Every structure is written in C-alpha cells, then in structure tokens.
Amino acid sequence: QPRLVESGGGVVQPGGSLKLSCTGSRFTVNRYNICWFRQAPGKQRELVAIISSGGITNYADSVKGRFTISREHAKNTVYLQMNSLKPEDTAVYYCNAYRPKTDYWGQGTQVTVSS
C-alpha cells in the first residue's frame with residue numbers, strides 16, 4: 001500500500017527552528033501536489049503550505065516568511081522548514097499527497113513550541 005511518513009517533529013523554544021520531512025513509499029511523491037496541514041487541540045485542521053507537482057508554492061498568511069516547503073526528488077520527500085517558531089505553531093503536522101481521484105495522508109508528527 002502507498003504510504004506517507006512524517007518525521008522531524010519535537011519540542012523547540014520560541015524563535016527556534018524545525019524541519020519536517022514527508023516521505024512517500026510505493027508511489028512517486030513528485031507526481032502529486034503536497035500539502036502540509038496542522039491541527040492544534042480543540043481547533044480545526046488548517047492548511048499551512050502547499051507545493052504543486054509543478055513546484056508552485058503557497059502558504060497560509062500565519063506562516064508566510066517563516067515556513068518554506070520544498071521537494072527533494074531523489075529522496076521522494078517533501079520538507080517543511082519552520083523558522084522563528086511561535087507557541088501558536090504548536091500542533092500535530094500532517095502531510096497530504098493528492099491528485100484527482102487519489103489522496104494519501106501521513107500519521108502526523110507533533111510540534112511543540114514552548115519555553
């Protein structure tokens with residue numbers, strides 16, 4: 001079965017950085033649009049960043065200028081570089097690969113920003 005696996009979450013102080021990875025197995029991630037979502041306790045899932053199969057990126061206003069989404073084709077992986085982290089960035093982060101009629105989700109990785 002095709003799978004997506006996120007990694008790279010953890011605990012970081014405000015102002016710190018983390019880099020999340022989203023790696024696909026048994027399918028080619030580069031052929032899909034990839035989204036990073038996050039969900040904080042008691043809140044709805046929020047779209048954070050997207051990179052299209054053609055490489056076009058877009059970000060939520062709350063993370064623009066701080067987060068960067070990118071691909072590494074050779075590793076079948078999409079990254080989310082998160083800088084200048086704030087307590088309000090605390091959430092479970094999920095990646096999603098989609099194209100018409102096909103949709104895969106990872107299991108999520110916890111990011112906690114706390115002093």
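The values are calculated or read from the model by the stated rules, or taken from the named source; none is laboratory data. Keep in mind the model is a prediction, meaning the values are calculated, not measured. In this analysis, Cβ positions are derived from the backbone assuming ideal geometry, glycine residues included, and neighbour counts consider all displayed protein chains. Each accessible area value is taken on the protein alone, full model and side chains, heavy atoms only, with ligands, DNA and RNA left out. Shrake-Rupley method; radii C 1.70, N 1.55, O 1.52, S 1.80 Å.
Of the residues 54, 16, the single one that is assigned to a loop (DSSP other than H, G, I, E, B), at negative phi and either within 12 Å of the chain's Cα centre (by Cα) or in contact (Cβ under 8 Å) with a residue 60 or more places away in the chain (or both) is 16. Here residue 101 meets the list (1) free of Cβ contacts under 8 Å to residues at least 40 places away in the same chain; (2) surrounded by 15 or more Cβ atoms within 10 Å (Cβ to Cβ); (3) closer than 21 Å to residue 30 by Cα; (4) basic (Lys, Arg) almost entirely, failing just condition (2).
Take the residues of the stretch 60-75 that are within 20 Å of residue 30 (Cβ to Cβ) and within 14 Å of the chain's Cα centre (by Cα): which is least open to solvent (accessible area, probe 1.4 Å)?
69
In the stretch 31-51 there is at least one residue matching the filter, namely being closer than 18 Å to residue 77 by Cβ, touching a residue at least 40 places away in the same chain (Cβ under 8 Å), open to solvent by 20 Å² or more (accessible area, probe 1.4 Å) and part of a strand (DSSP E or B). Working carefully through the options 2, 14, find the one that is within 20 Å of residue 115 (Cα to Cα), open to solvent by 30 Å² or more (accessible area, probe 1.4 Å) and either at pLDDT 95 or above or touching a Ser or Thr at 6+ places or on another chain (Cβ under 8 Å) (or both). When all the criteria are applied, what remains is 14.
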